[in-house]
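Colleague: I am attaching a structure below and will ask some questions about it afterwards.
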Amino acid sequence: MPNNYRRSLTRAARRGACLLMGLLLMAACVPPALAESGAPLETGSPFDMQSPAYILVEAQTGQVIFEKNADDKRPVASITKLMPILLTLEELDRGVIKLTDKVHCSANAAGMGGSQALLDANTLYPLEDLFKSMIVASANDSAVAVAEYLNGSEEAFVKRMNERAAQLGMTNTHYKNVTGLPADGQYTTARDVAALSREVGKHPLYFKYSTIWMDTLTHPSGRATDLTNTNRLIRFYEGADGFKTGSTNEARYCLSATARRGDTRMIAVVLGTPASQTRFDEARKMLEYGFANYQLNPVAKAGDLLGAEAPVRFGARDGVPAAIGADVNLLLTKGKERDLAIEVTLPESLPAPVRKGDPIGEVKVTLNGETVLTVPAVAAMDVLYPGFVEGVLTIMRNWKV
């Protein structure tokens, strides 16, 4: 047991602290609280990188492992399409649209340059076909057609993209189009791309398409366009299953890559890389480093009992069992022990009634004496008044003079 174990206010709380301590001693932890501040776990990169801006993030906690120039504003080319992809996924989840919807491809959409699905102008396509080609082949024409379908025009949809970016805390991002084609005043950062990628990854439907290596889009006319995934890691790196490439003369070569092994998902973002293959090589190296050195461990789930009770005054029971009020997921450093301590604080007593889920105290996790995580302790059950007290109170509440 760590030397810094602190006693709580009651015997019951001490019992709860011992139980949770046993859970936390599974391994050394990386403080999830740091995910909110964005502070990286490591100073600098553990190896040489040619990419001028990059970041490695654990997906569930958002914990940054290492980074460089992660807040520099840069063009990212087709990585921009992650936002239209996210907005489409969210509309599908809300039931506003369906994959079977027919989408009109305007002459404006069909005329987009760069990566294309070679859509026919003034033709109806299933939304699923356009959505798939956006993810797999980075199709600019499909992205504009979907934007026009969802909001009437690309301009209206871009406004919505910027609003959603603000909601996600992407403070260094501004969109001017849906494709990522060069435009003055369009920029984002490696950190914001990682945040957007995390949000996209919360939608299981996305991975149905992002893991496709090769496919064919059959146009209503019967003509066919071959689709090949622009993200080579999908085929050549174990566990790789998504996110986005981008390249223009202005942006150079960019990549947001993700892979999953067991319960751990890593996200590697590299921007402005000088050569196409280099972005894949460096993203692969970053992902491999993350998996080799860190592991996400679901330590406890909301509702897990602490084995402690807070005394209750005037209740049908003398105490209320305490439970953890939130999931505790810690990014673990493999093979490295750290000085952990746990403190569970419950009040000397609580007045009845107490409802299940009511906050009744707190659980602190400390690392080298510094609090890195605080979650609430909550009531695990209702503790109401005794039957006769409840009866008296009911009479008093309904008493009329």
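Colleague: Classify the stretch 108-216 from the C-alpha gyration tensor, please: rounded if a/c falls under 1.5, else prolate or oblate depending on whether a/b exceeds b/c.
Modeller: oblate
Colleague: For the pair GLU370 and ASP48, how long in nm is the line joining their label points, each one 7 Å along Cα→Cβ?
Modeller: A separation of 3.2 nm, rounded to one decimal place.
Colleague: Still on this model: Could you compute the net charge surrounding LYS285? Neighbours are other residues with a C-beta less than 13 Å from the C-beta of LYS285; K and R count +1, D and E count -1.
Modeller: Taking every other residue near LYS285 into account, the sum is -2.
Colleague: Suppose R0 equals 51 Å; then what is the FRET efficiency for LYS202 and ARG313 from their Cβ-Cβ distance, rounded to the nearest 0.05?
Modeller: With a Förster radius of 51 Å, E is 0.75.
Colleague: Take each of the peptides 115-125, 55-65, 297-307, average the number of other beta-carbon atoms within 10 Å over its residues, and list them starting from the highest.
Modeller: Taking the mean over residues of other Cβ atoms within 10 Å, the ranking is 55-65, 115-125, 297-307.
Colleague: From a point 7 Å beyond the Cα of ASP327 in the direction of its Cβ, which residues of the stretch 201-225 have a backbone N at a distance under 14 Å?
Modeller: 201-204
Colleague: If you don't mind, another one. Quick one: MET266, MET134, fewest Cβ neighbours within 10 Å first, how do they rank?
Modeller: MET266, MET134
Colleague: When the chain is fully extended, how far beyond the present Cα-Cα distance does GLU90 get from ALA166, taking 0.36 nm per residue of separation?
Modeller: 25.8 nm
Colleague: Could you give the size of the charge dipole of the stretch 51-274 about its Cα centre, using +1 on the Cβ of each K and R and -1 on the Cβ of each D and E, expressed in debye and rounded to the nearest 20?
Modeller: Magnitude of the dipole: close to 360 debye.
Colleague: Could you pull out the pairs from LYS68/LYS364; LYS68/LYS98; LYS98/LYS176 whose alpha carbons sit more than 29 Å apart here?
Modeller: LYS68/LYS364; LYS68/LYS98
Colleague: Run the quick spin-label model on ALA302 and ALA156: label points 7 Å from Cα toward the beta carbon, then report their separation in nm to one decimal.
Modeller: Modelled inter-label distance: 3.6 nm.
Read the figures in this text as sums done on the coordinates, not as results from a lab. These figures come from a predicted structure and were not determined experimentally. Here Cβ is always computed from backbone atoms with ideal geometry, including for glycine, and neighbour counts include all displayed protein chains.
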